[in-house]
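Student: Input: one structure, supplied below.
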Amino acid sequence: MGEPMAHHLIQAGYSLRAWNRTPEKLASLVAAGAVPCATPGAAAEGAATVICMLSDGPTCDAIFFCRDGAVAAMAPGSTLVVMSSIAVETAVEEARRAAAYGVHYIDAPVSGGQAGARNATLAIMAGGSEEDFAAVAPLLAVLGRPVRVGPVGCGELAKLVNQIIVAGTIATVAEALLLAERGGASPAKVREALAGGFADSPILQQHGLRMIEDHFVPGGPAKWQLKDTRNALAYAQSVGLSLPVASLVDTLFADMVSHGDGELDHSGLIRELRRRSGIAVA
């Protein structure tokens, strides 16, 4: 997702330095005018804003605070915008550590997938001070629709809310399409018939089509969906909440990953439901 997002920033006139753990992935950005960097620190040095799009919290910690890491290279008064999906507690701790360097911090995870990144229509959920958000809002608006939802950590909390809804809806759509199939109806026609009604959703239309076609090239890998449901349940427990539906969905995704489907798109959860019903899975 980071590559199309970076292209939008270049097209909007921003000067961009870029670093990736796999340097070959920078080729299209370099062709578009980005300056490739050998280390995170080299990319961050002198920048007013540093944007991170990485897979998880431990990876972010390593890139920010390692030798040649991003944060130590940033100038006091600059802003680190973390658009990864990480734990709420991780974002709060990263903000504390960044503040020791005089660096402002915004957690701004996104929803919308690769299509949202390509089309600059991402839902961007931001946590941070009002002043820090106002400073980066024009930049984030190039990538989608940024909304400040509260102080540091609240962007990640909003993303956990998003992921609970996404995971639960994927599970429900998968069950519904299996029921249609087993009952003798065409799942494709049922999906068509439901379009525009109360049961319709982007997940029914986009992921439902993936389920019908057995097309599970990610998208959003199931292993990252499981990471997010696990983070959501851990945070819920820390604030004294029981989330029984989310817990059940988390179990489904855990079984999906344990059966070797973790690299498939999260819509591949229908395969796990097939297994539970004794239906052969290719």
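Student: With (1) in contact (Cβ under 8 Å) with a residue 60 or more places away in the chain; (2) in contact with a Leu (Cβ under 6 Å, 6 or more places away or on another chain); (3) of a type in the set (Gly, Ala, Ser) as the list, and Gly168 as the residue in question, which single condition is left unmet?
Tutor: That leaves (2) as the condition not met.
Student: A further question on this structure: Just for helices (runs of 4 or more DSSP H) wholly inside the stretch 68-143: which have at least 1 residues that are more than 23 Å from Glu3 (Cα to Cα) and touching a residue at least 12 places away in the same chain (Cβ under 8 Å)?
Tutor: On the way: elements: 70-73, 88-99, 113-119, 130-141.
Passing ranges, in order: 70-73, 88-99, 130-141.
Student: Right, next: Which one of Ser28, Ser55 is surrounded by fewer than 17 Cβ atoms within 10 Å (Cβ to Cβ) and touching a residue at least 40 places away in the same chain (Cβ under 8 Å)?
Tutor: That would be Ser55, the only listed residue that is surrounded by fewer than 17 Cβ atoms within 10 Å (Cβ to Cβ) and touching a residue at least 40 places away in the same chain (Cβ under 8 Å).
Per-residue answers, yes or no, for (1) within 19 Å of Thr172 (Cα to Cα); (2) of a type outside the set (Val, Ile, Thr); (3) in contact with a Phe, Trp or Tyr (Cβ under 8 Å, 6 or more places away or on another chain):
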site: Asp228; (1), (2), (3): yes, yes, no
site: Ala232; (1), (2), (3): yes, yes, no
site: Val245; (1), (2), (3): yes, no, no
site: Leu269; (1), (2), (3): yes, yes, yes
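Student: Across the stretch 65-91, what is the total count of residues that are surrounded by 18 or more Cβ atoms within 10 Å (Cβ to Cβ) and closer than 22 Å to Ala137 by Cα?
Tutor: Looking only at that region, the number is 14.
Student: Give the residue, chosen from Ser78, Ser84, that is over 17 Å from the mean Cα position of the chain (by Cα) and not β-branched (Val, Ile, Thr).
Tutor: Working: Ser84 fails: over 17 Å from the mean Cα position of the chain (by Cα).
Answer to the check: Ser78.
Student: Another question, then. Is it the case, given these coordinates, that Leu178 is surrounded by 14 or more Cβ atoms within 10 Å (Cβ to Cβ), of a type outside the set (Gly, Ala, Ser) and not assigned by TED's automatic domain parsing to the domain that holds Thr229?
Tutor: Numbers: surrounded by 14 or more Cβ atoms within 10 Å (Cβ to Cβ): yes; of a type outside the set (Gly, Ala, Ser): yes; not assigned by TED's automatic domain parsing to the domain that holds Thr229: no.
In short, no.
Student: OK, next. Could you tell me which numbered condition Thr39 fails, if it satisfies all but one of (1) under 25 Å from Ala123 (Cα atoms); (2) touching a Phe, Trp or Tyr at 6+ places or on another chain (Cβ under 9 Å)?
Tutor: (1)
Student: Does the stretch 47-66 hold any residues that are out of contact with any strand residue (DSSP E or B) (no Cβ under 8 Å at 6 or more places or on another chain), outside any helix (DSSP H, G or I) and within 14 Å of Trp19 (Cβ to Cβ), and which are they? Full working, then the answer.
Tutor: Quick first cut of the stretch 47-66, residues out of contact with any strand residue (DSSP E or B) (no Cβ under 8 Å at 6 or more places or on another chain) only: 53-59, 61-62, 65-66.
Adding the requirement that they be outside any helix (DSSP H, G or I) leaves 53-56, 66.
Within the stretch 47-66, Met53, Leu54, Cys66 qualify.
Student: Does Ala199 fit the bill of being outside any helix (DSSP H, G or I), modelled with pLDDT under 95 and small (Gly, Ala, Ser)?
Tutor: Values: outside any helix (DSSP H, G or I): yes; modelled with pLDDT under 95: no; small (Gly, Ala, Ser): yes.
For Ala199, the condition - outside any helix (DSSP H, G or I), modelled with pLDDT under 95 and small (Gly, Ala, Ser) - is not met.
The values are calculated or read from the model by the stated rules, or taken from the named source; none is laboratory data. Only a predicted model underlies this, so the values are computations on that prediction, with no experimental measurement involved. As a convention, Cβ positions derive from the backbone with ideal geometry for all residues, glycine included, and neighbour counts pool all protein chains shown.
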